[in-house]
1. Quickly estimate the mean residue ellipticity at 222 nm for the chain, helices only: each DSSP H run with n ≥ 4 gives -39500 (n - 2.57), and the total goes over all residues, rounded to 500.
2. So if each residue of separation counts as 0.36 nm, and I subtract the Cα-Cα distance between residue 87 and residue 34, what length gain in nm does that give?
3. How big is segment 1-59 along each principal axis, measuring the range of its Cα positions in Å and listing the largest first?
4. For the chain, report the accessible area per residue in Å² (1.4 Å probe, heavy atoms, rounded to an integer).
5. Work out the FRET efficiency for residue 22 and residue 49 from their Cβ-Cβ distance, taking R0 = 22 Å, and round it to the nearest 0.05.
6. Could you point to the residue in 12, 49, 23 farthest towards the positive end of the chain's charge dipole, with +1 and -1 charges on the Cβ of Lys/Arg and Asp/Glu respectively?
7. How much accessible surface does residue 10 have with a 1.4 Å probe, in Å² rounded to 10?
8. For the chain, just list the percent of Cα-Cα distances falling in each 5 Å bin from zero outward, please.
Amino acid sequence: LNGKARPRGTAALGLVLYFLGIASVVSNSVVVLFVGRSISGTGQSWTTTAVEAWFLSQAKEHMDGAETFVRDTFAWAYSVDSFLAVVAGHLAGLAAACHG
């Protein structure tokens, strides 16, 4: 396998698991909902981890000083992530208030 096949396969399997987990929300069974949520969480984790691993490998392969760039990039992304989550929550609240 080349260096691109494994991250792509992991991301694809992660998406399949994620969507299988999402499909469980139509069930009324608590057990099915719990298992679906677990499968969905695993899929989501694999999907994001595969992308991050690919990014790291590409940066190390093609850039001088990649460690500093990657560290700074992920620090920025994680600090902005919480801010965006708060903004998204407020926007969702406004949408729910306006449209019931």
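1. Details: 3 runs with 86 residues, N = 100.
Counting only the DSSP helices, I get -31000 deg cm²/dmol.
2. Numbers: separation 53, 0.36 × 53 = 19.08 nm, distance 2.81 nm.
Full extension of this stretch gives 16.3 nm more.
3. Computed over the Cα atoms, the extents are 45, 17, 12 Å.
4. Values: 7670 Å² over 100 residues.
Roughly 77 Å² per residue, with all protein chains present.
5. Numbers: r = 19 Å, r/R0 = 0.85.
So the FRET efficiency works out to roughly 0.70.
6. Among 12, 49, 23, the one farthest towards the positive end of the dipole of the chain is 23.
7. We get 50 Å² for residue 10.
8. P(r) over the chain, rounded to whole percents: 2, 12, 12, 12, 16, 18, 12, 7, 5, 2, 1.
The values are calculated or read from the model by the stated rules, or taken from the named source; none is laboratory data. Since this is a predicted model, take the numbers as computed values, not measurements. Positions of Cβ are backbone-derived with ideal geometry, glycine not excepted, and every protein chain shown enters the neighbour counts. The protein model used for the area step is the full one, side chains on, heavy atoms only, and it has no ligands, DNA or RNA in it. Shrake-Rupley method; radii C 1.70, N 1.55, O 1.52, S 1.80 Å.
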